[in-house]
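**Q** Mind looking over this structure? Questions follow.
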Amino acid sequence: MVRRRGRRGGGRGVTRTPLILLPDGGDADANQRRAADPAASVWVAASAGTGKTKVLTDRVLALLVTGTPPSRLLCLTYTRAAAAEMAIRVQKALGEFAVMKDEPLAKAIIALGLGPSDGDRLARARRLFAEVLDCPGGLKIQTIHAFCESLLRRFPVEAGLAPHFQVLDETEQKALLAAARDEVLARAAGAGPAGVEDALARAVDRIAGRLGAEDFDALMQNLTAERGRIARLLAQSRGLDGAVAAICAHLGVDPDLTGADVIAAACADGTFDAAGLRAAAVVMAEGGVTDQKHVALITPWLAAEASARPALYENYLGGFLTAKGEVFKTLISKGALKAAPRPDDLLAAMAAEAARLLAVEERRRAVRTAQGSIAALTIGAALIDAYGARKTARARLDYDDLILHTRSLLSSREATQWVLYKLDGGIDHVLVDEAQDTSPDQWEVVRRLSGEFFAGLGRRAERDDTVRTMFAVGDAKQSIYSFQRADPRFFAEMRNAYRAEVTAAGHDFRDVGLHHSFRSTAPVLAAVDHVFARPPARDGVGTVEEAIAHVTRREGQAGVVELWPALAPLEEAPPDPWAPLPDAETGGSAEARLARLIAARVKEWIGTLEMPARGRTLRAGDVLVLLRTRTRLVDKLVRAFKRLGIGVTGVDRMKLATELAIMDLVAMARFLILPDDDYSLACVLKGPFCDLDDDDLLALAPGRKGSLWAELNARAGEKARWLAARDALGALLARTDYLRPFELFAAMLDENEGRTRLIARLGAEAEDPVNEFLELALAFERGRAPSLQGFLAWFEGGQSDIKRDLEQASRDEVRIMTVHGAKGLQAPVVILPDTMSALKAPRAPYWCPGGHGADMPLWTPRTADLDPVARELRAQAERARDEEYHRLLYVAMTRAEDMLFVTGWKGRNAPPAGCWYNLVRDGLAAAPGVERVRFADPLTGAVDDGLRLAAPQAPDVPLHGADAERTAAAGDGAVTLDGWERLPPRPEAAVRPVTPSTVNDAAAEPAVLSPLSGDAATRFRKGRLVHGLLELLPGVPPVRWRAAAERFLARPSLGLDPALRREIAEETLALLDDPAFGALFGPDSLAEVPVTGVLAGNVVSGQIDRLVVGDSDVRIVDYKTARPVPVDASQVAPAYVIQMAFYRAALAAIFPGRTVRCALLYTAAPKLVELPSAVLDAAFAAADDK
């Protein structure tokens, strides 16, 4: 429902959407200049698209221009891409400053908010480019992890680290964690080196029976991710025992108390109103069905002895509480109470017992929570210890270690001062990007680096009275990395802390808000404002007091927001078990249909959808599809786009081990490692590389006497395809032992049209995983022994998750990313299809504040077992999850520049009421100017209602961004091209160099002398030794040739008799002393000389064994080892004559006017045979004719 070139647009017309203005109005440029002021510490709250990178860049430039040495700046970014972009911007600006004339340079400095400049400032601005280049390590614009790594590398001893430490990649980290987990489980089972460890064994026993393998792994990963918290808890509590005591004290239970103890205490005489309950039981026995059911559970417990009551407790509980643990609404029916004396007393006794049992159950939950928490903490501590030991043994750190070790390094004031002193005298200005996603541990590092900025003499830099500053920019609305411990509350807490310190020091502190968007059009921002103006979308993003409001700087430029109807599941008849599977192109789930619908619409848009704000139609590279999480929809979208011929960059992260194409490659590798692996071979035979069918396998496999490979070898001649499969597999098998993994997998794909077969079977979407798999094989070989078995173990141990960099839309292709991966990016057109899925439960354990500033983990295997404290923590975690869910939607919507399309699909169950789709629908429906529009499904023709909010391009409004710059550069005389300028150039004709020895394929070399038969064996060995001497002796002074030859031949390993040693030495020395060719082995000769030239239109490349260039001639010799020795030149093999003819022609071109003489040295004799010029001329002419 957007306007297309050459087609009528839908809808009933368009109403211009009014803008929501900030209460204080404000000038965007003025706010940016206030934020860039180098004399003030500034906290910037920058909404999406408001130019925070420009503010950061301007502030760095302003600090440099006003005299801050480059070494005393530290700018911390969240991603490497952000650091690179900022560094490029700063370097570009400084490069322009260096060559600017006075007037434009002065204007550029004024634009930074610095006011008029004198000659000294202009001169300094011009010198900055060179100063930054001369600064050791350059400007410190880097991620906090990169900064911490560089710091630890400079101070490894102080940090207690090995100086040669390396940072783990994701695959290595997963492998080490898996090994550590296995060690912990082995220790718990008594198989570890320390024998049975009771506490660990009890912890594993408590958890193992209540968690599946995936849940156990998830718990271990969560505990590992929080190892900083665990380490602090253990340190503050002086070990595991102290931490256990702290948890139990917080929950109000004794560490040794068990659930059985609680039940036994609850069953003791005197703890309940026995008489009242027995009287109530008598009345209930005369009541209705429900009363009689309950009394049947109560009476046995009341009648039992105290020691027998615990066994009946669970049944007794059913007389008072529901399965959900709630008190029955009616404890005794009205009918039973009518004839009872003192009914109020009976009800009071039952109610009091119900309340007592509720308290007992809460007590049991507290014990279960304590036991689960202690078990999780015990296993987590053991896992962290085992993981840490493995890292220490390998001198490895992971990314969390970089932060934790840096924080520890800066733990004391003295250590911090020493480190800063060594860092070129210290740091005067710290700048933090994406401050809302900075974790508490990372903030601790920043705080310790800037701790002296606003206290005592540290308030001013040592070199002069320059004020030291702190700068942070972020947006709490975009805090979406809670899984990395980011918390938007810290953004406000750190702002308040720094404001107090800066103002107490008498310095200028500024809160600056940036809400003027340079990115998005008015409809996109209006949709965002209205969606997040209402609860529940507002929760976690805005407040009632502070409404979400954006102002666009793209006034009058066209934009559109559309909410498409959500796809519902099709009514499907019960499947026929004998019917073929439905066609993926026409059938399938609502999810698959949505993927095809999106691809069909993008296909229709390309080249036809008008983009008035850019003065052109849509291209594939304009489209960004954003997903909340990586689901099956990713693969379906990639497949749908590729089937329609739309370029797609793939996905930003893929799990290679689950890709069908990779499964085929891995199955082939397993077979090559172990040919008797029948299952892997069966997979290979049925796979695309061999393409056999079930009938083939049924003919080969059943009843075989040996392995499947042996059967295939024995019966390959029965069918042509069996023979082809056997030959292809045999060829790979013969090379498995000496090919590297990459070479072997490349051979699988390149030979016998392996890649073509794979793509034909699995579709074009298999290309990306295959290419990533090959890249992974290369990466493995760079750091490890290149064995196939080792690669498979490494690949499968690390789960093979591949993160791909799609941050730059350098190709004209659709991008598919998660919202997290797209943070900081933007696109003209954004599509949100994943808007109706349910949220996952919050991650356990739940952390509660403890004493001494250390948090404590609370966890139980079942949510129902959580005590009130843990339930409240879980409720808080659910609220935090929902709030981040809303912030994630904010980030997703604000990636759109011109157009935003929201859709979704319904499952069999109703979507959550607070899902993205419903939030956008409710907010967009309240926006002024919104239209209800009918949307047609291009696949099925179905029509349904949706919403549309649009604004047209106003007259005389300039185009946006790069399109505007291109149009302006073209000027009035611009011509419209036909699109050829965007087509790739035609491939140049491939030029494959030929070697002189292979110019004529028909001229075969003579057979090699056998190293095993009689006289030929002697000549074979003799030839190799002569060849070795001819390579060795020319580098020795001639007077020492004989002695060197005798020592060479007398080595015991050769086992030569004295006569043969003398014979070989004499013949070799005779060659070296030959007056005709002696110069070839003299001091002016060259060995192993490469030569390249263009002869007869062919590139010829080869290597000459021996060459000497004289004043009038050029002489060359080529060695022939282990070849039959001819009688004279007429019997030389034609292949050798052609080879030397090409060498001769190439050297004649290189050394014109000089005679080129050629000879062959047969080392088996040894014998030197010179080739006549006439023979060489004839051979070259004949080869040229061919």
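**Q** On a 19 Å Cα-Cα criterion, which of the cross-link pairs Lys477/Lys655; Lys642/Lys906; Lys1022/Lys1167; Lys324/Lys840; Lys603/Lys823 come out too long?
**A** Details: Lys477/Lys655 30 Å; Lys642/Lys906 25 Å; Lys1022/Lys1167 12 Å; Lys324/Lys840 22 Å; Lys603/Lys823 26 Å.
Exceeds cut-off: Lys477/Lys655; Lys642/Lys906; Lys324/Lys840; Lys603/Lys823.
**Q** How big is the chain on each of its three principal axes, counting only the C-alpha atoms and giving the largest first in Å?
**A** 137, 88, 73
**Q** On to the next question. More than 14 angstrom separation, counting every C-alpha pair in the stretch 90-133; what % is that? Working shown, then result.
**A** Working: 371 of 946 pairs.
In whole percent, the long-distance tail amounts to 39.
**Q** Quick check on packing: order 771-781, 886-896, 442-452 by the mean number of other C-beta atoms within 10 Å, highest mean leading. Working shown, then result.
**A** Values: 771-781: 17.4, 886-896: 24.5, 442-452: 20.3.
In descending order of packing, they fall as 886-896, 442-452, 771-781.
**Q** Send over the semi-axes of the stretch 115-265's equivalent ellipsoid, whole angstrom and largest first, taken as the square roots of 5 times the C-alpha gyration tensor eigenvalues. Intermediate values should be presented prior to the final figure.
**A** Working: eigenvalues 532, 88, 45 Å².
Equivalent ellipsoid of the stretch 115-265: 52, 21, 15 Å, largest first.
**Q** Order of 63-70, 945-952 by packing, highest average Cβ count within 10 Å first? Spell out each step's value before the answer.
**A** Values: 63-70: 20.1, 945-952: 21.8.
Highest mean packing first, the order is 945-952, 63-70.
**Q** Same structure, new question: Let me check the size of the stretch 618-688 from its C-alpha atoms; what are the radius of gyration and Dmax in Å?
**A** Cα-based Rg and Dmax for the stretch 618-688 come out at 16.8, 55 Å.
**Q** What whole-number distance in Å separates the alpha-carbon centres of the stretch 1056-1087 and the stretch 740-788?
**A** So the separation of the two Cα centres works out to 50 Å.
**Q** Starting from one equal scatterer on each C-alpha and no solvent at all, send me the Debye-based log10 I(q)/I(0) for the stretch 166-394 at q = 0.09, 0.14 Å⁻¹, two decimals.
**A** Each listed q corresponds, in turn, to -0.55, -0.89.
**Q** While we're here: What would the Debye formula give as log10 I(q)/I(0) at q = 0.10 Å⁻¹ for the alpha-carbon point model of the stretch 361-444, no solvent?
**A** So the normalised log intensities work out to -0.48.
**Q** Which of Glu555, Glu767, Glu183 has the fewest other C-beta atoms within 10 Å, and how do the rest follow up to the most? Mind dumping the intermediate values first?
**A** Values: Glu555 12, Glu767 17, Glu183 20.
The order, fewest Cβ neighbours first, is Glu555, Glu767, Glu183.
**Q** Hey, another quick one. For the charge dipole of the chain, defined by +1 on Lys and Arg C-beta atoms and -1 on Asp and Glu C-beta atoms about the Cα centroid, which residue among Ala724, Ala179, Ala599 has the Cα displaced farthest towards the positive pole?
**A** So the residue furthest toward the plus end is Ala599.
**Q** Take every Cα-Cα distance within the stretch 653-803, group them into 10 Å bins from 0 onward, and report for each bin the whole-number percent of pairs it holds.
**A** 11, 42, 34, 12, 1
**Q** Give the percent of DSSP beta bridges with both residues in the chain that are antiparallel, rounded to the nearest 5.
**A** Numbers: 41 of 95 bridges.
Restricted to the chain, the bridges split so that about 45 percent are antiparallel.
**Q** Using unit Cβ charges (K, R positive; D, E negative) and no other charged atoms, how large, in debye to the nearest 20, is the dipole of the stretch 653-803 about its Cα centre?
**A** 280
**Q** Based on the Cα gyration tensor of the stretch 50-180, what are the three equivalent ellipsoid semi-axes, each the root of five times an eigenvalue, rounded to whole Å and given largest first? Provide the component values of the computation, followed by the final result.
**A** Numbers: eigenvalues 283, 52, 23 Å².
Computed over the stretch 50-180, the values are 38, 16, 11 Å.
**Q** With a Cα-only, solvent-free Debye model of the stretch 294-371, what are the log10 I(q)/I(0) values at q = 0.17, 0.27, 0.28 Å⁻¹?
**A** Calculated log10 I(q)/I(0) at the listed q: -0.74, -1.35, -1.37.
**Q** Peptides 1107-1117, 110-120: what's the order by average Cβ count within 10 Å, highest mean first?
**A** Working: 1107-1117: 16.5, 110-120: 14.0.
Highest to lowest by the protection proxy: 1107-1117, 110-120.
**Q** Report the per residue volume, in Å³, of the convex hull enclosing the C-alpha atoms of the stretch 836-883. Please list the in-between numbers first.
**A** Values: hull volume 4.0 nm³, N = 48.
Cα-based convex hull of the stretch 836-883, divided per residue, equals 83 Å³.
**Q** Report the FRET efficiency, 1/(1 + (r/R0)^6), for Cys135 and Leu358, where r is their Cβ-Cβ distance and R0 is 60 Å, rounded to 0.05.
**A** Values: r = 68 Å, r/R0 = 1.14.
E(calc), rounded to 0.05, equals 0.30.
Read-outs throughout are calculated quantities, based only on the coordinates presented, and are distinct from any laboratory measurement. Just so you know, these numbers come straight off a predicted model, no measurement behind them. Neighbour counts run over all protein chains shown; Cβ positions are idealised from the backbone, glycine included.
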